[in-house]
Structures are given as structure tokens and as C-alpha cells.
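Before any comments, here is the structure.
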Amino acid sequence: MISLLTDNTMLAALIALVGLGTLFGGLLGYAAERFKVGSDPIVQQLDDLLPQTQCGQCGFPGCRPYAQSIADGDAINKCPPGGQSTINAIANLLDISAPSLDEEHGEEEMRTIAYIREDECIGCTKCIQACPVDAILGAAKLMHTVIAAECTGCDLCVEPCPVDCIDMLPIVKNIDQWQWPAPPNPLDLIATTASAMQEDAA
Amino acid sequence: MRRIWDAPGGVHPPDNKAQSLTSSIGQLPLPEKLILPLTQHVGAAAKVCVSVGEKVLKGQKLASASASISAAIHAPSSGWITAIEERAVAHPSGMSAPCIEITCDGEDRWIECMGYPDYKQATPPQLRNLIADAGVAGLGGAGFPSAAKLERGTHMPVDTLIINATECEPYITADDILIRERADQIIQGIDIISHLLGTPKTILIGIENNKPEAIAALNHHCQGSGIEVVSFPTKYPSGGEKQLIYILTGKEIPSGHLPADLGIVCLNSSTVFAIKRAVIDGEPLISRITTLAGEACDINRNYEILIGTPVSHLLAQNAFHPELCSRLIMGGPMMGFSLTSSDVPLVKSSTCILAPSHTEIPDDDPVQACIRCGLCAEACPASLLPQQLYWYARADDHERLQAHNLFDCIECGACSYVCPSNIPLVQHYRSSKADIVNARTAKATAAVARERFEFRQVRLEMADTVREAKREARRIVTEKAKITSPTTTQPSGSSAADIIKAAQLRGTARQASPEQQRAKLERTLMAAEMRLKEAQQRLLQATNNASVDQQAQQLASVEAAKRKVEQATQRLTEVSH
């Protein structure tokens, strides 16, 4: 056998290459099965960056479907609740340039939460059915109320309300939520305007 | 002589401490009103346990600790609770927070105090409770509740107790004067803490060498007590906890860890004094030493102020000239913040009120571009790269900021101090830190929202499947019923003629055999005749002894029964033919 191979180098090379090819092919095939990734990891990463408001302003029924759509090549600027920072983060992840928010889908606004004027609520449960995160509590013909901590401010409960008793209120900032403001960008200031601004401030 | 390590970075601003050290600790006249914010410490706000209109005595508890990291609040003087509401507090935002207002009655009458002069008999948990009940929080400026700090010391054996008497910020001399005048009480406090922590091997007092009188006082009282007074060269910010620990022991606290993880507990000297008062005298923390300094006040001095004293009251007693003052600063010139109003109260962490003149601390010069000189990196005591952090903060690059250990920044201000371009570096870092924390919370809430959304989807799907299953079950049942009664099966074809034909077929099929029909009709006839007889009997009775209405009724029923009998007879004759 050995001598046959040493005599026919062509044959030996052929056998060696075919053997190696089979071996590595088998290994790769096994690894592909063994370490298979179930869902598309990029969709998961995109979903993590989206604000999970589940408002549907992007035109998809929830954040994950939009994440899927972005992964399939949709525009990344359709999420008003996430705003520019979310667009930037997604652009960073996908390594593309960040567009500005597509105003067709809405404008970036201050975060709000729903508030039900309880005296006016007739207990129709329509808002409960509309809430994507089960943040409204109540039963038929009984007053409903919003669990403020769970409300994502998606606005979806406002439209179905037959008596218009739901307000979207901005979140009031108290002293614990206060944060140091960022100093003005020095590039925005040239020496003359800076001194003018200080005079204004004084 | 103990070895001293040299902490990295640091700056040497003019210390300006002599002005306020010319006289001893002063006392202020009692203010008309005291305002006590519920959050004077790090952690949760205290829970109010008095009500408006109540009369309180000096030292009475007004609010109790509401969580493991929280501190109680006591009445600094006797009087009436006149309000529990939002008031402007000493905070960089100038916003208001819940406060208790006491209108003093001028008697300054103490509640009965229970001290434990023989604290050696008490167990560590008892002592910790005493300290917690007295509302002691770190008086060095941070305001971390001391009981919580000492509690952490119980998880690991503590081998080193460090007393921080560094007081490295310019102008502030509160610890210095307290040590000069009351060193003996501080040593007593150290004994208590040492007993509480199970007698650590090493007890050190760290103090900068610009306080010779305080060092002498400490040395005098420490003789033979096993407490070592260590003085080291003056440099800002040696008084930072991590910096002081490195200077005295050469140990670095790893990022994200606490001194307790290395078996070290570090307390400020004023805090130790407050602990002594709490344990031995039973007096809660209702006063502290605060430095008043700056050229806009004629008198610069240290005062033992009652917590809750309005800053304006302190200033009014010291010939304050508002027109000379560039801004009012609470805390030192390096780490303090500007006050928006002088009506705010002094709190447990108020080390100093600084009223500098325009020449002393001039307004900020305009910010210029970073010239990458690198002075900030040399000055940083935490060995960070302030310049890199600045660029990343400008770019909102949270990932890189964290990779460059933004959260190890102690916000000492040394980088801003040395910056030749006047860049407010620390403000950039503070803002970025808050942004990162906000982003983290937003992420956490988003995760919860996603979980709830997905749970709802699953729930709706399940409800759908259940409904679908029910519908399917119903369908099967009807199908089965159709199979068991084949007469009702639909014939194939769907044209109108077919349907009519099928209906006619069904109609004829429904007609049973003539015998069965006749038997059925005979039964009906018999029943009808029976009913007719009964009705006629009732009519007879009614004609004898009932009203006209009832007679009419019975007559009608007899007529109906007669009709039924007629119908039945007719049908029967039809069928038999």
C-alpha cells in the first residue's frame, strides 16, 4: 500500500487532498449544526436598542417586528420615541451613517405617560385592550387606571377612549431626577458672543 | 515613623485657611425658623413621624430612617412644626424638596437624653442602632449614613480604621478647629468605633501637615492609646477616601469596590465627634461645625450651627456684603456648588459657606479649545485620562467613557483647575455620568416593557387558540350529529332547483307511515276530548258560584277545546281516507 503510494505520487496527492477535504467538510458540517444560532442575532441587538414603547408609529406592530424589518434593510429613522439617540445607536451598530428622524412617523417629543381622569371613565375596557404592555388596570363598567411605572407613553390608549378621558402628561422632574446639564459646546461660542452671553446672564 | 505613599496627581491651590482660624468656634443666636430637608444624606429620604402644629423638643426625632441607607432627622431646637412642605434646598439645581419647618420657641429645651458612657458593655449592633437613631451621616461633605458604613464593616473583619482629618479643600477649617478644641472627644469617638468594629489592629488619623496645632492636640491625646497620628504633605485632593487610604497604607481600592472589601473603614473626624456625642451623651446629630469664609463677609470664622439654619441667618450675623460677593458657594471652592438663593438651610453635609469677592474667585473665563497640553492627566488623582474623557463626553460616546473608567472620577475638580483653556471638565463628566445612568435605567425599563409586551402577545395567542379549539369542538359535534341522522344530509348540488327538491324530499321523509300517523292523531283526539270535558265541568262550576268575568273565561276555554277536538277529528278522517 505504502509502496503503491510512493510510486504513484499523483495518486497519493489525490487521496490526501480528497481525504483532507472530506475531513474538514465533515468538521464544518458538524460545527454548523452544533453551534447553530437559532434567531438572527442582529435582530436581537436591534431590538435591544429600540425603546420598547410598542407604539407602532414606525408602522410595525411593536418594536421587534421593526427590528426584523431593519435587519431586512428597512430605514432606521422611523422611531420617534427613540429619537436621534436611538438612530445614532442603530447607525453605530450597523456601521452606516445616521439619518435624521423621518417626520412622516412623528416627531421626537418629551416622554409622557398616560393619565386617566377617573371621574369621567365609564369602564368600557377599550383602553385596556389597546395597551400593548398591560399597563392599564380595571374591569368592565368599573373605573380604569394606569400603572404609571409600566406605561411606555405609546399613546395607543388615547384614540379608542369613547369619552376622551385619557391625557398624555409629561413626566414631572423632581430633585432626585435632576442632572447636571452639559456645558455649552465651546464651538458654539466665539469670544465675542461668549462675553455677550455672560453679560446677558449677569 | 510610618511610611507615607505619594498619591498620583493632585494640585496645590492656595489654601486660604488662616482667615477663619483667627478665633475659636462661635455660636450663632437662635434663628427664628429652622428648615430641615428630609434628604440631607446619601440614600432614601427620611420618613416624617411628626405632624404640623406639634410641639417638639430639642433632640426629638422628626423623621426616621426609611431604608437601610437613610438617616433620621431630629429637631435642632425646641418649637412648633409649622410646615411640612416643599422648600428650596441647598442643591445645585436650586429646586425644592420636602422639608420640615420648625418655628423656634426660644427656650431651646432639650428632650431627655439617654447616653451610654459605659459603651464597652454594649454589643456592636446596639452601638450601631444608637448611631443610626442619632441620624449620624458623614460630615465630611458626602453625607453617607455612618451606621450603614459601619454595618458594611461587619461583613469582613476590619483590620484598619482610618480617621480622615485631612480637610484638603481650600478655605475649609471646620475639622481643624474641631480637633484643636475637642481632640479629647474625638479620641473617645475613635474608641467607640474601635470597640464597635472589634478593635482593628491599626488605627490611623490622617492629617495634612498644614495643621500643626491640630496635629499637636491629637498627639497629646493619643499618647499611649495605640492610635497613630500620621501627617503628610499637603496636596489637593488627599482627603478623598481612596486617596487617603493609598497615602496611609499603599493599598488601592479596586474600581467598583469599597474600602470595607479590603478590611478598611474610613470616617471623617467630625463624624467621629458626632458618634461620640450620640453614644456617650445620647445627643442626636443636630449641629455641626461650618466654616464661613470669603472676602464678602467681614468676619471669617467657624460656627457650631444648628442643622436647618438658613444660610441668610449665618450671613446676617457676619456683616455680609452682597454687592461684593461674586457668588455664594456651599462646600469648598473646588467641589462645592453655587447656591441660587441664601434662604436655603444648612444641612448635615454643609462643611463651608464661601462668600468670595469678585477678585477672590472671578467669574469663569470663556471656554477655549482643548490644546491637548496634558496637564489634566498629570493632575488627575484617580489616574484617569481627563482629556480623552472630555472628547468622549462631547461625542456622547458612552461605551468609551465607561471603558476609560469615567465612574472612577471623584469629581475633585483638579483637572478643571489646571486647564489652561478653562474647560469645565468636571461638569462634562457629571453630565455624562447622569446620561449613562439614565440610559441604564431606560434600558431596564425597556426590558420590562418588552417582557410585558411579549407576555401579552403570548396571552392573546393562547386566548386565540382556546377560542379556536372551542369553535373546532363545536364544529365536530355538529358534524357528528349530521352523520348520525343521515336524513338531514345535504344532497350534492347547489342550484335553487336542487335545494327545493331536497327540501321536498325532506318533507316527505318526515311524514311517517299512515299507521303511525293515525295512532298519533287518535292520541291527540283523545287528549282534546279529555280537555273539553274538564273545561265543560269548570264552566258548570263557574256558572253556579263565580263572577261574570270567570264565567266568560271558562266559556272561552270550552270553545277552544271544542275547536281542538274538531280539528283532530278532521285530520283523522283525512288520514284514514
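Below is a table of values for the structure above.
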item: Filtered residues of the stretch B:192-214 (kept if in a helix (DSSP H, G or I) and either surrounded by 21 or more Cβ atoms within 10 Å (Cβ to Cβ) or in contact (Cβ under 8 Å) with a residue 40 or more places away in the chain (or both)); result: B:Ile192, B:Ile193, B:His195, B:Leu196, B:Ala214
item: Among (1) within 8 Å of chain A (Cβ to nearest Cβ); (2) surrounded by fewer than 16 Cβ atoms within 10 Å (Cβ to Cβ) - the single one B:Thr441 does not satisfy; result: (1)
item: Condition broken by B:Ser341, with the remaining ones in (1) out of contact with any strand residue (DSSP E or B) (no Cβ under 6 Å at 6 or more places or on another chain); (2) open to solvent by 20 Å² or more (accessible area, probe 1.4 Å); (3) not aromatic (Phe, Trp, Tyr) satisfied; result: (1)
item: Selection within the stretch B:215-241 - part of a helix (DSSP H, G or I) and either open to solvent by 70 Å² or more (accessible area, probe 1.4 Å) or in contact with a strand residue (DSSP E or B) (Cβ under 8 Å, 6 or more places away or on another chain) (or both); result: B:Ile215, B:Leu218, B:Asn219, B:His220, B:His221, B:Cys222, B:Glu241
item: Selection count where residues are of a type outside the set (S, T, N, Q) and assigned to a helix (DSSP H, G or I), scope the stretch A:98-133; result: 7
item: Identity of the residue in the stretch B:267-326, charged (D, E, K, R) and closer than 20 Å to B:Leu139 by Cβ, that ends up nearest to the chain's Cα centre (by Cα); result: B:Arg288
item: Subset of the stretch B:447-472 that is more than 9 Å from every other protein chain (Cβ to nearest Cβ) and over 20 Å from A:Ala130 (Cβ atoms) - its residue that is least open to solvent (accessible area, probe 1.4 Å); result: B:Ala469
item: Within the stretch B:399-425, considering residues that are closer than 13 Å to B:Val367 by Cβ and open to solvent by 10 Å² or more (accessible area, probe 1.4 Å), the one nearest to the other protein chains (Cβ to nearest Cβ); result: B:Pro424
item: Failed condition for B:Gln185, given (1) open to solvent by 50 Å² or more (accessible area, probe 1.4 Å); (2) farther than 26 Å from B:Lys33 by Cβ; (3) out of contact with any His (no Cβ under 6 Å at 6 or more places or on another chain); result: (1)
item: Flag if B:Asp105 is assigned by TED's automatic domain parsing to the domain that holds B:Thr271, in contact with a Gly (Cβ under 8 Å, 6 or more places away or on another chain) and acidic (Asp, Glu); result: yes
item: Residue tally, condition open to solvent by 10 Å² or more (accessible area, probe 1.4 Å) and among the basic types (Lys, Arg), over the stretch B:346-360; result: 0
item: Yes/no for A:Ile175 being open to solvent by less than 40 Å² (accessible area, probe 1.4 Å), within 10 Å of chain B (Cβ to nearest Cβ) and modelled with pLDDT under 90; result: yes
item: Filter result for A:Asp40 (open to solvent by less than 90 Å² (accessible area, probe 1.4 Å), among the charged types (D, E, K, R) and modelled with pLDDT of 85 or more); result: no
item: Residue count, the stretch A:136-168 (criterion: out of contact with any Leu (no Cβ under 7 Å at 6 or more places or on another chain) and over 13 Å from A:Cys55 (Cα atoms)); result: 21
item: Residue within the stretch B:427-434 that is more than 24 Å from the chain's Cα centre (by Cα) and more than 13 Å from chain A (Cβ to nearest Cβ) present; result: no
item: Condition check for B:Glu479: over 26 Å from B:Glu241 (Cβ atoms) and either open to solvent by less than 80 Å² (accessible area, probe 1.4 Å) or part of a helix (DSSP H, G or I) (or both); result: yes
item: Helices (runs of 4 or more DSSP H) within the stretch A:32-97 that include 3 or more residues closer than 24 Å to A:Ala135 by Cα; result: A:41-49, A:63-71
item: Selection count, the stretch B:246-266, where residues are among the small types (Gly, Ala, Ser), in a loop (DSSP other than H, G, I, E, B) and surrounded by 15 or more Cβ atoms within 10 Å (Cβ to Cβ); result: 1
item: Elements of type helices (runs of 4 or more DSSP H) contained in the stretch B:354-436, each with 3 or more residues being within 18 Å of A:Pro181 (Cβ to Cβ) and not basic (Lys, Arg); result: B:386-394
item: Test result for B:Arg128, basic (Lys, Arg) and open to solvent by 60 Å² or more (accessible area, probe 1.4 Å); result: no
item: Inter-residue pairs, beta-carbon under 9 Å, first within 14 Å of chain A (Cβ to nearest Cβ) and under 17 Å from B:Arg288 (Cα atoms) and in the stretch B:71-97, second among the charged types (D, E, K, R) and part of a loop (DSSP other than H, G, I, E, B), 6+ apart; result: none
item: Given (1) farther than 18 Å from B:Ile307 by Cβ; (2) open to solvent by 20 Å² or more (accessible area, probe 1.4 Å), index of the condition B:Gly141 fails; result: (1)
item: One residue from A:Ala67, A:Ala16, A:Ala98, A:Ala31 being within 14 Å of chain B (Cβ to nearest Cβ) and at pLDDT 90 or above; result: A:Ala67
item: Any pair with Cβ under 9 angstrom, 6 or more apart, that starts in the stretch B:26-48 at a residue that is at positive phi and ends at one that is surrounded by 18 or more Cβ atoms within 10 Å (Cβ to Cβ); result: B:Gly43/B:Ala65; B:Gly43/B:Ser70; B:Gly43/B:Ala71; B:Gly43/B:Ala137; B:Gly43/B:Gly143; B:Gly43/B:Phe144; B:Gly43/B:Pro145; B:Gly43/B:Ala148
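Conditions tested, residue by residue: (1) modelled with pLDDT of 80 or more; (2) open to solvent by 40 Å² or more (accessible area, probe 1.4 Å); (3) within 14 Å of chain B (Cβ to nearest Cβ).
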position: A:Ile116; (1), (2), (3): yes, no, no
position: A:Lys126; (1), (2), (3): yes, yes, no
position: A:Ala135; (1), (2), (3): yes, no, yes
position: A:Lys141; (1), (2), (3): yes, yes, no
position: A:Pro160; (1), (2), (3): yes, no, no
position: A:Pro181; (1), (2), (3): yes, yes, yes
position: A:Ala194; (1), (2), (3): no, no, yes
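The values are calculated or read from the model by the stated rules, or taken from the named source; none is laboratory data. Since this is a predicted model, take the numbers as computed values, not measurements. Counting neighbours? That spans all protein chains shown, and the Cβs are built from the backbone with ideal geometry, glycine included. Each accessible area value is taken on the protein alone, full model and side chains, heavy atoms only, with ligands, DNA and RNA left out. Shrake-Rupley method; radii C 1.70, N 1.55, O 1.52, S 1.80 Å.
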